[in-house]
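Okay, so here's the structure we're looking at.
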Amino acid sequence: MHLFRRGNLKAVIFINGAAFLSTLSLSEICERIPAIVWTTDEAGSTIYGNSRFRAYFGLDGQGTEGLNALHPDDAITLPVKIRNARREGLDLIADVRLRRMSGEYCWFALSSSPWGDGAAIEYCWVAVKRNKRADANFVQRVADSWQASHLIHSETEILEMVARGTATAEVFDKVCRLVEELIDDCFCCILELSLDRRHFRFGAAPRLPGGFKDAFDRSEVAAGLGPCGLAATSRRPVEVLDSASDALAGTAEGRLMLLNGFNVCQANPILSPYGNTAGVFTIYRQRHAAFSLFEQQVVDRAINIISISIDRTRHEEALVRRETQVRRSQAQLVAAQRISSTGSFTFDIRNNEYMCSEELYRIFDIDPSLEPDIYDLRKRVYRDDLAKFDAELQRALSGQSIDVTFRIMTSHASLKFLRGLAQVSYHVGDNPVLVGTVQDITDFKNAQEALQRGEEALIRAREDLAYVSRVMTISALTASIAHEVSQPLAGILTNANACLRLLALSPPNIEAVSETARRTIRDTLRATEVIKRLRGMFARQPSTMEHTDLNELAREVIVLCARDLHQKSISVIAHLETKPLQVMGDRVQLQQVILNMLLNARDAMGDIEIQPRSLTVSTHLDTEDSAVLSITDVGIGFPLEDADRMFEAFFTTKQDGMGIGLAISRSIIENHGGIMWAEPNDGPGATVSFSIPLRRSPQ
Ligand code: ADP
């Protein structure tokens, strides 16, 4: 047993090669050692002696007569031994005889070691009686009890470190050093396993060379790695007693052991509370020696501490991960609510407790720091919507799900449109909780209204265009119209003159006058009819759907255009379905479509020299429930790729064209539930057609 001092109060005690750090003062330590202990200066003068020292040599107080009691023979040999030991820098260990107060000599095992870390060197002397077996056992017992108390003390210290949250590396290092102190010829290594248990993470190995860290850190957990890998995968301790063993052959760990002179290795798996491998604690030794009971206890305790430390770290890591996740998802929620302008709330119905998201307060334009309640929110609801809001809230509280749109008045006196969804949930806590969201849909509402306004404007524009197009079409027919009207007018004039002449005869020819008057009436009716039709087409009147015969419409338009076409040397062939084709539609609009088709056919033949110029107006039943009207000409035609483009607004190939006729025609036909298309003919010219549903005859 040797004593060394470090600092003023701490001492290192070596017992059988193991070192213990004590926090006791020097005199306290020396009093507890069951041996004669004293200290001297360099010259050998005694400075301090414990109570056993004083009792043995019969000294009172602080007297220092100890070394005079040395046996004369030993007094010769001991100084030589002391000199040798000091020259070699070794501790002195010698058997000497010391004279007791009573005069008798007893054998002692004397050891001496330098004591102190200051400038003046002191020596500590420990003399343990040799001749009594019981004393030797006693020394052993003392050594054991030192070790045991050191183990407990250190273990407590390390566990306190774990509890304080000291870094794992520091805890592992301390565990390794403790085990290495308490077990002779012992080199420890702690490896942790990654969370997925696929890789090793180096923990600590204070006395091992760096090669061990390099070999293990981040290496894959596999039995082929050596005893550590095997212990981790099999979850059983693996012991190798000879470095030449097959278990080590070809393994990285085996190579390291050979390289560093380790013959023995004991790898212990560290199991988590759930039975998974969390790490491996390995002890490398140069010689094989079975562990004493105490040593095995040390190893077991070390494994226990390592397991607790890893477990705690993992829990902490998991906690940090969870906290991070919660923080992240909260941030995401806030961002998502912000982006979607949606706030949320929960209301514990029994406890009358509210929780509103930041966004909800923002939407309601309320400062959250004022800790507003539902009534503050309610105060914002626009007065016209308050009754609806209250009624819906009551419905929600009674357990029904609600979806309500209401308005609020912000602090800047502007109206906001909100949509609220809520329903009672029984899964949030112990009590029924009203869970809901409120979305600011003001922008959406405004956009919707703008869209509606836009659509209405579009419809109006389309109507205006249709009107303009109609006026233009009809003005193009002025000649025809004039003819249509002037012909009956001329007839009326002629007939009126004839009447006058016949009445002037004596006697007047009453019969002829009557006949002439009848013709006058007929012509008047005809002129009136033409004017009526023209007024109908010119007038801005809302569309009226009525039963009408497609053939009749076609005939009327042909009549209207006949003279114009005749003047342009275009003959009209009508191939009309023999049966009336009853459709439900707006007569004026459908006539405009047919008229537009006729005039386009006319224009297509305007510049061509071919004879005869003719166009065919045909109608037929397409299927059971639709009728088709086509106008075929022998004009210039159009390239196939224009077949669709010509229906686009403002597409025109004419010098003075507007390109809106077909676009309007198609939209009229589509409004009637039909379709309109154009195709080039196999021969010259083109055919433009539409098909519209027939009126269903009543069942
Ligand atoms: P616009 O007559 O003012 O040009 P439309 O919309 O009525 O406007 O016609 C668009 C274009 O479609 C015409 O300019 C012409 O190129 C083409 N088109 C229409 N009908 C015919 C047809 N029967 N034959 C050849 N091209 C035609």
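Taken over the stretch 504-560, residues that are among the acidic types (Asp, Glu), over 24 Å from residue 582 (Cα atoms) and either at pLDDT below 85 or buried (at least 16 other Cβ atoms within 10 Å of the Cβ) (or both) amount to 1. Test residue 652 against the stated conditions and say whether it is part of a strand (DSSP E or B), of a type outside the set (Lys, Arg), within 11 Å of the ligand (Cβ to nearest atom) and open to solvent by 10 Å² or more (accessible area, probe 1.4 Å). Against the criterion (part of a strand (DSSP E or B), of a type outside the set (Lys, Arg), within 11 Å of the ligand (Cβ to nearest atom) and open to solvent by 10 Å² or more (accessible area, probe 1.4 Å)), residue 652 does not qualify. Residues that are within 10 Å of the ligand (Cβ to nearest atom), in contact (Cβ under 8 Å) with a residue 60 or more places away in the chain and within 21 Å of residue 544 (Cβ to Cβ) within the stretch 656-696 comprise 664, 665, listed in sequence order.
Is it the case that residue 617 is closer than 16 Å to residue 591 by Cα, of a type outside the set (Lys, Arg) and either open to solvent by less than 20 Å² (accessible area, probe 1.4 Å) or touching a residue at least 40 places away in the same chain (Cβ under 8 Å) (or both)? Steps first, please.
Values: closer than 16 Å to residue 591 by Cα: yes; of a type outside the set (Lys, Arg): yes; either open to solvent by less than 20 Å² (accessible area, probe 1.4 Å) or touching a residue at least 40 places away in the same chain (Cβ under 8 Å) (or both): yes.
So residue 617 passes the test.
For the stretch 593-619, what are the residues that are away from the ligand (no atom under 12 Å from the Cβ) and not hydroxyl-bearing (Ser, Thr, Tyr)? Those that are away from the ligand (no atom under 12 Å from the Cβ) and not hydroxyl-bearing (Ser, Thr, Tyr): 594, 609, 610, 611, 612, 613, 617.
Is there a residue in the stretch 632-640 that is surrounded by 15 or more Cβ atoms within 10 Å (Cβ to Cβ) and either more than 11 Å from the ligand (Cβ to nearest atom) or within 60 Å of the chain's Cα centre (by Cα) (or both)?
Among the residues of the stretch 632-640, at least one is surrounded by 15 or more Cβ atoms within 10 Å (Cβ to Cβ) and either more than 11 Å from the ligand (Cβ to nearest atom) or within 60 Å of the chain's Cα centre (by Cα) (or both), which makes the answer yes.
Counted as qualifying within the stretch 146-243 are the helices (runs of 4 or more DSSP H) with 1 or more residues that are free of Cβ contacts under 8 Å to residues at least 12 places away in the same chain, namely 168-182, 210-216. For the stretch 81-88, check the following and say yes or no: at least one residue is part of a strand (DSSP E or B), open to solvent by 30 Å² or more (accessible area, probe 1.4 Å) and at pLDDT below 80. No: the stretch 81-88 contains no residue that is part of a strand (DSSP E or B), open to solvent by 30 Å² or more (accessible area, probe 1.4 Å) and at pLDDT below 80. Of all the listed residues (164, 130), the sole one being surrounded by fewer than 17 Cβ atoms within 10 Å (Cβ to Cβ) and modelled with pLDDT under 80 is 130. If you go through the stretch 574-596 one residue at a time, do you hit one that is touching a Gly at 6+ places or on another chain (Cβ under 9 Å) and farther than 18 Å from residue 671 by Cβ? Taking every residue of the stretch 574-596 in turn, none turns out to be touching a Gly at 6+ places or on another chain (Cβ under 9 Å) and farther than 18 Å from residue 671 by Cβ. Is it the case, given these coordinates, that residue 403 is open to solvent by 60 Å² or more (accessible area, probe 1.4 Å), within 19 Å of residue 340 (Cβ to Cβ) and touching a residue at least 12 places away in the same chain (Cβ under 8 Å)? Considered against the rule, which asks whether it is open to solvent by 60 Å² or more (accessible area, probe 1.4 Å), within 19 Å of residue 340 (Cβ to Cβ) and touching a residue at least 12 places away in the same chain (Cβ under 8 Å), residue 403 comes out as yes. Among residues of the stretch 360-388 that are within 11 Å of residue 409 (Cα to Cα), those with a beta-carbon under 9 Å from a residue that is surrounded by fewer than 18 Cβ atoms within 10 Å (Cβ to Cβ) and among the β-branched types (Val, Ile, Thr) at least six positions away or on a different chain give the pairs 364/410; 365/410; 380/410; 385/405.
For the stretch 48-56, the criterion of being touching a helix residue (DSSP H, G or I) at 6+ places or on another chain (Cβ under 7 Å) and either surrounded by fewer than 16 Cβ atoms within 10 Å (Cβ to Cβ) or at pLDDT below 60 (or both) is met by at least one residue.
The values are calculated or read from the model by the stated rules, or taken from the named source; none is laboratory data. Just so you know, these numbers come straight off a predicted model, no measurement behind them. Virtual Cβ from ideal backbone geometry, glycine too; neighbours counted across all protein chains shown. Just so you know, the surface numbers come from the protein's heavy atoms only, side chains and all, with ligands and any DNA or RNA stripped out. Shrake-Rupley method; radii C 1.70, N 1.55, O 1.52, S 1.80 Å.
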